[in-house]
Amino acid sequence: MDAITSKAGQAPAAGARPVPMKKVLLVDDHALFSQGLAGLIRQEGLAESVVIASTVEGASDLLIRQDDFQLILLDIALQGETGLALLPRLASHREPPPVVIISSSEDEATVRAAQAAGASGFLAKSAGRSALVSMVRSVSRGEGYFPGGNDPVAPGLSLTPRQMDVLLLLAQGFPNKRICQCLNLTEHTVKTHLKAIFIQLGVHNRTECVNLARARGWL
């Protein structure tokens, strides 16, 4: 299990505690971690119940049948579809719950990919109890929760916001099909954005694009 842990009987983290949520959906395919995190959420009084799904498809089915989730905790690295593919599916919900990405990868590119896909927050799996409580408190107030805030990627960036979204997901190694799913765009639109990014950077392929974008501080 990763580093979000709690000892049995240990007192909750110090500070004002958020009002417990009724129900949280946890989407993660590592059973030991997901069960441990679900137990910690209940132990800390952050939610009355935690429902676990291991795939995007399973999570989608739950969201269709149950409309009372107040928070979704979503791992990116799921078997099959990437976790970020769940976000565009929430567009059909009248009042979709906020989504916080949980990930073993906590580099800046992963965090910004979560932002680009429309997540409300990001929590590293290496985080401790206090960070978990702070995240729930922030999200329950309708605020975002991202390491370093929501500052622009880099000064002087000449890409459009949507082109930046595409670039961030490209840097995660996502193929065009997954970028389409995450951003709810057609494949033609994604290809158009990629062409514009390549021209802007003066590159000819995806690897050159990502390497130069990182060298310029865009990622």
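Taking the highest mean first, how do the peptides 107-116, 122-131, 186-195 order by number of other beta carbon atoms within 10 angstrom per residue? Before the final figure, lay out each step's value.
Numbers: 107-116: 20.9, 122-131: 17.6, 186-195: 14.7.
Listed from highest to lowest mean packing, they are 107-116, 122-131, 186-195.
Taking every C-alpha pair closer than 8 Å and separated by at least 6 residues, the mean separation divided by the residue count of the chain gives a relative contact order of 18 percent.
Could you provide, to the nearest whole Å², the per residue accessible area of the stretch 37-196 with probe 1.4 Å?
For the stretch 37-196, the solvent-accessible area averages 44 Å² per residue.
Restricting the calculation to Cα atoms, the chain yields a radius of gyration followed by a Dmax of 18.0, 58 Å.
Residue-normalised convex hull volume from the C-alpha trace of the stretch 86-142: 79 Å³ per residue. Note that the stretch 71-118 carries a Kirkwood radius of 11.2 Å, evaluated over its alpha carbons pair by pair. Can you give the log10 of the normalised intensity I(q)/I(0) at q = 0.25 Å⁻¹, computed with Debye over equal Cα scatterers of the stretch 34-80? Log10 I(q)/I(0), no solvent term: -1.04. Fully extending the segment from R206 to Q43, taken as 0.36 nm per residue of separation minus the present Cα-Cα distance, adds 54.2 nm.
Mean residue ellipticity at 222 nm, helices only, the chain: -12500 deg cm²/dmol; runs of at least 4 DSSP H residues each add -39,500 (n - 2.57), and the sum is divided by the number of residues.
Note on the chain: with charges restricted to the Cβ of Lys and Arg (+1) and Asp and Glu (-1), its dipole about the Cα centre is near 260 debye. Take the solvent-accessible surface of the protein heavy atoms, probe 1.4 Å, and return the percent of it on the chain that carbon and sulfur atoms account for. On the chain, the fraction of accessible area on carbon and sulfur atoms equals 51 percent.
The values are calculated or read from the model by the stated rules, or taken from the named source; none is laboratory data. Predicted model only: the values in this text are computed from it and were never measured. We place every Cβ from the backbone using ideal geometry, glycine too, and count neighbours over all the protein chains shown. Quick note on the areas: whole protein, heavy atoms, side chains included, nothing else; ligands and nucleic acids left out. Shrake-Rupley method; radii C 1.70, N 1.55, O 1.52, S 1.80 Å.
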